[in-house]
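Coordinate-derived values only; no laboratory data. The shown structure was predicted, so the numbers you read here are calculated from the model rather than taken from an experiment. Cβ placement follows ideal geometry from the backbone for every residue including glycine, while neighbour counts extend to all protein chains displayed.
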Amino acid sequence: MSTATQTAERHTARQGYDGDLRVAVLGVGMMGQDHARRLAQLTKGARLVAVSDVDAARTDAVAAEFGVRAVHDPVAAITDDEVDAVVIATPGFTHEDLVLEALEAGKPTLCEKPLTTSPETSRKVVEAEHALGRRLVQVGFMRRFDAEYEQLRGVIAAGELGRPLFLHCAHRNATTPPNFSSEMLILDSVVHEVDVVRYLLGEEITAITVLTPGRTSAAPEGLQDPQFVLMETAGGTLVDVEIFVNTTFGYEVRTELVAERGSATIGLGVGLVQRSAAGWGGGIAADFKERFGAAYDTEFQRWVDAVRGGAGVDGPGVWDGYAAAAVCAAGVESLRTGRRVEVDLGPRP
């Protein structure tokens, strides 16, 4: 029996944690450092014990900042007996291998989106976790932990407004980082709307169409920004998303539900009247960390509580990560071809 298998059996047999959950953060760029701070300073019942990053100097610096171990090999961090659980905040292309390593080691994992970079590899993770017979991987779709989204989901579930007919969504960023591609508007940004639509409505997305209006002059050369995304759900709700990532003025996420007997809107802020570089009424968040900071805090606390209690996951799991990857892959195909693309998830284990 391999050491990894023995470790997995020990951790799989462990259904709860009496003391603090000892967590390693893999990837300590901007997001990983924020998560490390959250675990070290805010999350109850958790203890940051190690950090790891491909950049050895950055690993050492962050480890020194928080007084924890620097582990330069992420696999060594995953299999370390002094680590109970891991947070994966490395680049998306590394997620498949690291999540599979964590599953083999039996370590509860919070993996930032995407679960993996393709439906095929995400499906592989779904099957690997299913074979273990225990949920171990949570995917970092933080909007599910935002108070406004939870409230809107409650309105839909209560049924007082009747059947949902439309969801109108806007997702706006001030600027994009260098080398941001047209496909990344779908894969990095609209992916959040994909997941939250499934969360709010409790049903799958069956088709997607991506339309391309005229480009904003603020977009770098070659970047198709904005885009207009139309999604169809299994229950017949139509969802539109305006994704506009070079607005120049701030970070804005808004969702309006239109149902049979009324409507409800979240994300308006306070007194928003005008939105431009010159100014606006009310306040608009500068970035996603400001808008969803409380959601990240709640997400981590609930994850730690779930792992310590033996549940492993309290939120979106590997199937949700797979579904998001499949819808986004269809969206990229629609962007490239201009056609409506159907989504077939196949059977759920």
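Charges on Cβ only, +1 for Lys and Arg, -1 for Asp and Glu, centred on the Cα centroid of the chain; of Trp303, Leu268, Ala323, which one is farthest towards the dipole's positive end? Checked the options; the winner is Leu268.
Computed from label points 7 Å out along Cα-Cβ, the spacing between Glu333 and Glu127 is 1.9 nm. Summary value for the range 87-132: 44 percent relative contact order, contacts being C-alpha pairs under 8 angstrom separated by 6+ residues.
Would you mind estimating how fast the chain diffuses translationally, via Stokes-Einstein at 4 °C and 1.567 mPa s with the Kirkwood radius over Cα pairs, in µm²/s? Don't jump to the answer; show the numbers that get you there.
Numbers: Rh = 21.0 Å.
It diffuses with D of about 62 µm²/s by this estimate.
Helical content alone sets the calculated 222 nm signal of the chain at -12000 deg cm²/dmol, taking -39,500 (n - 2.57) per DSSP H segment of four or more residues and averaging over every residue. Highest mean first, the peptides 306-315, 44-53 sorted by other C-beta atoms within 10 Å per residue fall in the order 44-53, 306-315. In summary, the helical segments of the chain meeting the span-like criteria, namely a full DSSP H run, a Cα extent along the axis of 27 angstrom or more and a mean Kyte-Doolittle hydropathy of at least 0.5, are 318-337.
A Cβ-based charge dipole, computed about the Cα centre of the chain with Lys and Arg at +1 and Asp and Glu at -1, lands at about 520 debye. Ranked by the mean number of other Cβ atoms within 10 Å of their residues, highest first, the peptides 160-170, 26-36, 103-113 fall in the order 103-113, 26-36, 160-170.
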